[in-house]
Amino acid sequence: QAKADSGASYRFFATRMNEQAARASQIEICLRQAIDKGELHLNFQPIVDYEKNRVVSCETLARWTDPKLGVVPPTEFIKVAEDCGLIVPLGEQVLREACEFFQSCNRNGLQLDGISVNISPRQCRDADFLPRLREILDGTGMDPARLQLEVTESVMFDDQRVNPVEILEAISNLGIKISLDDFGTGYSSLSYLKRLPIDTLKIDRTFIMGLERDVDGQALVQAIISMAGSLHIEVVCEGAETHEQCELIHSFGCSLIQGYSFSRPLSGVDFHRYLAKMNGVDSVAARAG
Ligand code: C2E
Ligand code: MG
Ligand code: MG
Ligand code: MG
């Protein structure tokens, strides 16, 4: 009986594996074309200073609608891109377009302090990453201090041959800022705050979810914020969906919030509008154009 069961569950497992592999290779084929044709587009989610009620920055989030596959969520296509190496050209497009977008905001007199871009481990250990990064900064005229790269703790485990600390230090030496994304969801997070050149820590939204009713969760978020403060690391709370969560976060001493409570990720045009509404338009630029 046990043997028959395990046979059946093995067949079930094998079928699921085949389905997943087939889906991944289909995504890979379509994604390669989409990258070649420049069919991916970007959304931008505001990062708001809650106290000043002002947009200070935004996170760049890749979006893809394939003619055949329909909308593929980034969690799915980024994973495939990482596995098959397409993350390198994809990431380069995202970086360049994000810098261009930031420059266009500034040209339009929309005051934005910076812009964030997600970087995957495989992407930043690519031998060409640093020269490409420099080329993108030069090509777009982007001030490196306005660019923030978001990495997760998994960058530490990705590859034994390359020292991630060295890569991050090289990025940091270019004047670019570094965020530790999804903070609290990885392993032994605290030691990285000492070892890595981190400017900002983004508290993962799983810690913000249900914060109103979670006293232990509140203590945790408060402790992270105060620890980061002592280390002179900026904090952004991700995934705040309610006014009450924002109030709590603010009462813990953190004013930078990214979440549906302010805005979902927006198209470039909608982000421009949101920015103009929240921050106002520089009068000189407004008169000029
Ligand atoms: P992430 O970097 O942690 O980005 C934040 C995610 O949380 C985004 O999901 C955003 O839409 C979502 N989010 C923000 N506020 C809220 C909220 O209040 N409630 C809820 N429920 N969700 C919120 P998204 O756009 O689906 O992206 C998922 C992940 O895909 C990102 O997580 C990032 O790891 C990855 N990703 C997206 N674009 C890129 C990219 O260009 N390059 C790389 N390497 N990864 C990317
Ligand atoms: Mg991120
Ligand atoms: Mg995150
Ligand atoms: Mg995430």
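Pick from 205, 195, 16: which residue has the top mean-square fluctuation in a GNM of the chain where Cα pairs under 10 Å get a spring?
Result for the chain, Cα springs under 10 Å: 16 fluctuates most.
Take the cross-link list 202/277; 52/202; 37/79; 68/202 and give me the ones stretching past 27 Å between alpha-carbons.
68/202
For residue 266, list long-range residues whose amide hydrogen, built 1.01 Å from N in the peptide plane, is under 5 Å from its own amide hydrogen.
Distant-sequence amide H within range of residue 266: 44, 45.
Which residue fluctuates the most in the chain, going by a Gaussian network model with Cα springs under 10 Å, if the choices are 127, 81, 276?
Sorting by GNM fluctuation, first place goes to 127.
What value, in deg cm²/dmol to 500, does the helix sum -39500 (n - 2.57) over DSSP H runs of n ≥ 4 give at 222 nm once divided by the residues of the chain?
-16000 deg cm²/dmol
Please report Rg (one decimal) and Dmax (integer) in Å for the Cα set of the chain.
Cα radius of gyration and Dmax of the chain are 20.7, 80 Å respectively.
Using modelled amide H (1.01 Å from N, peptide plane; none on Pro or chain starts), what sits under 5 Å from the amide H of residue 111, excluding residues fewer than 5 places away?
282
Using alpha carbons only, how many angstrom separate the centre of segment 197-239 from the centre of segment 112-185?
A separation of 22 Å, based on Cα centres.
Under the classification rounded if a/c is under 1.5, otherwise prolate if a/b is larger than b/c and oblate if not, where does segment 156-289 fall, given a ≥ b ≥ c as square roots of the Cα gyration tensor eigenvalues?
Here segment 156-289 falls in the oblate category.
GNM on the chain, C-alpha springs below 10 Å: top fluctuator among 34, 21, 98?
21
Which whole-Hz couplings ³J(HN,Hα) result when phi for each residue of segment 51-60 is put into the Karplus expression 6.51 cos²θ - 1.76 cosθ + 1.60, θ = phi - 60°, listed in order with x for Gly and Pro?
5, 8, 6, 9, 6, 9, 7, 8, 9, 7
Go through segment 56-160 and name the chymotrypsin sites (Phe, Trp or Tyr not before Pro) that are in a DSSP coil and have 13 or fewer other Cβ atoms within 10 Å of their Cβ.
Of the chymotrypsin sites (Phe, Trp or Tyr not before Pro), the ones in loops of segment 56-160 whose Cβ has at most 13 other Cβ atoms within 10 Å are 157.
Please say if segment 112-167 is rounded, prolate or oblate, where rounded means a/c under 1.5 for a ≥ b ≥ c the square roots of the C-alpha gyration tensor eigenvalues, and otherwise the choice is prolate for a/b larger than b/c and oblate otherwise?
It comes out oblate by the Cα gyration axes.
Starting from segment 176-244, pick out the chymotrypsin sites (Phe, Trp or Tyr not before Pro) whose DSSP state is loop and whose Cβ has at most 15 other Cβ atoms within 10 Å.
Here the sparse-neighbourhood loop sites are 187.
With Kirkwood's inverse mean 1/r over C-alpha pairs for Rh, give me the Rg to Rh ratio of segment 203-275, two decimals please.
Computed over Cα atoms, the ratio is 1.02.
Per residue, what volume in Å³ does the Cα convex hull of segment 76-145 take up?
Taking the convex hull of the Cα positions in segment 76-145, it is 89 Å³ per residue.
Any read-out appearing in this document is the output of simple, stated calculations on the displayed coordinates, not a laboratory observation. These numbers come from a predicted model, not from an experiment. A quick note on method: Cβ atoms are made from the backbone with ideal geometry, for glycine too, and the neighbour counts reach across all protein chains shown.
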